[in-house]
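The values are calculated or read from the model by the stated rules, or taken from the named source; none is laboratory data. Quantities reported herein were computed from a predicted structural model and do not represent experimental measurements. As a convention, Cβ positions derive from the backbone with ideal geometry for all residues, glycine included, and neighbour counts pool all protein chains shown. Note: accessible area is taken over every heavy atom of the protein model, side chains too, but ligands, DNA and RNA are not part of it. Shrake-Rupley method; radii C 1.70, N 1.55, O 1.52, S 1.80 Å.
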Amino acid sequence: MADPAQNEFLAGLEAKGKRANLFFRMMANRPKVLEAFVPLYGAIMGPGPVDRRIQELIYLTCSYANRCAYCTAAHVASGRKAGVTDEEMQAIQSEQDDGFSEPERAAIRYAREITRTADAATARAVLLQHFNDEQVVEITLVAAMANFTNRFNNGLQLQPEG
């Protein structure tokens, strides 16, 4: 794991977060990757054409499907801030999507399908009934980012910080 004393960019990230971040410390073993990742993540997960709540539903869907404890822990907290209830998180985890609005259900099912098969033709057709092209691209980017971070964390066996 990289030492913030040896990486100015990492030290700056940790100073903003007020604590060590295992994800950033591990990625900092490739400093240029970390420096490129942070703004990319911000561009995908920041304000855009898709409501923050739906972004979090997508991220949680992928993280539950991939059993990524690290991302799940992070996005349970950010999901709550975006208005996702504990009951809704349980529903996503158990694949009981009926309580969500039609657009939310379409986004959840698309995220789950693209996570499992990387080919979501059926779910994409339903998604396009509720979202425009720009929104579908953002939804796909959120799912792709979730899958990237899930695989990074699971591959390196990163666990949520206490």
query = Out of (1) outside any helix (DSSP H, G or I); (2) under 18 Å from Arg52 (Cβ atoms), what's the single condition that is false for Asp119?
reply = (2)
query = So which pairs qualify, if the first residue must be in segment 127-146 and farther than 14 Å from Pro47 by Cα, the second must be charged (D, E, K, R) and assigned to a helix (DSSP H, G or I), the Cβ gap must be under 7 Å, and the two must be at least 6 apart or on different chains?
reply = His130/Glu102
inquiry  = I need the full set of residues from segment 122-143 which are part of a helix (DSSP H, G or I) and farther than 18 Å from Cys62 by Cβ, in order please.
reply    = Ala125, Asp133, Glu134
note = Flagged pairs (Cβ under 7 angstrom, 6 or more apart or on separate chains; first in segment 80-106, more than 14 Å from Glu56 (Cα to Cα); second basic (Lys, Arg)) are Asp97/Arg105; Asp97/Arg109
request  = Being in a loop (DSSP other than H, G, I, E, B), open to solvent by 60 Å² or more (accessible area, probe 1.4 Å), touching a residue at least 60 places away in the same chain (Cβ under 8 Å) and not aliphatic (A, V, I, L, M) is the filter here, so list the residues in segment 147-160 that pass it.
outcome  = Gln159
